[in-house]
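Here's the structure, in structure tokens; my notes come after.
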Amino acid sequence: MPRDAGGAGDVLRDLRTATAVEHEQVETTLALMDHDLDAGRLVGVLALLHAFWRAAEEGLDAWAAAHPADAAALQWDRRRRAEVYAADLAALGADPADGDRPELPAVPDTDAALGRMYVLEGSTLGGTFIDRHLASLPGLAGGPRLRAFSPYGEDTGAMWAAFRRFTRAHVEDGGDAGRVVAAARSTFAVLAGWCAPAARPQGAPA
């Protein structure tokens, strides 16, 4: 989960606290740190995440077209990841063809964009641990190098720090922290619901 050192009233701390339950729900459902994770289940998870990222990025692309200065400051083009999920699926021999995807609210302004991006960007921090775990699994070791979980490589920390700086500055300059948090919560709620099919059956081994 994204960590932040801000004090009471800090928008990043508010985001972390407000989305903690949904974040844990998604982590538990996807169970990417399972020791018995196999290629078939990994493909299923990647397919769900690919569809979600496509939907999430569609709204953010519309925002970026309407707010190009903010999008450039946030390096939005570099943060797009749906195509990386598609490439990982193809590398695993799966078809990344477009299909159903979840419905997400529109992204009318930068408050909403930051809330949505908090969910997408926060996943890159835990993604570094997922990468190491996948490389250690007998059924996946020696397979293709996946990029979607840690797309920035050594720049992961720097990209997260840049997002934090922009978000804090935006709120300090008059952005609405409550709307940022609400957008993050609604995004996480859709993600949790969309990923529900990946949950292990009750009683299945962990």
Those residues of region 65-85 which are surrounded by 13 or more Cβ atoms within 10 Å (Cβ to Cβ), hydrophobic (A, V, I, L, M, F, W, C) and farther than 19 Å from ALA169 by Cβ, in sequence order
ALA66, ALA82, VAL84
Selection from region 1-31 of residues that are outside any helix (DSSP H, G or I) and either modelled with pLDDT under 90 or surrounded by fewer than 21 Cβ atoms within 10 Å (Cβ to Cβ) (or both):
MET1, PRO2, ARG3, ASP4, ALA5, GLY6, GLY7, ALA8, GLY9, ASP10, ALA31
Just to verify a result, which residue in region 129-151, among those that are within 14 Å of TYR85 (Cβ to Cβ) and of a type in the set (Gly, Ala, Ser), is surrounded by the most Cβ atoms within 10 Å (Cβ to Cβ)?
ALA148
In the set ASP98, ASP88, ASP38, the lone residue that is over 15 Å from ARG116 (Cα atoms), acidic (Asp, Glu), crowded, with 20+ Cβ neighbours inside 10 Å and over 14 Å from the mean Cα position of the chain (by Cα) is ASP88
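The values are calculated or read from the model by the stated rules, or taken from the named source; none is laboratory data. Computed from a predicted model, the values in this text were never measured in an experiment. All Cβ positions, even for glycine, are placed from backbone atoms using ideal geometry, and neighbour counts span all protein chains on display.
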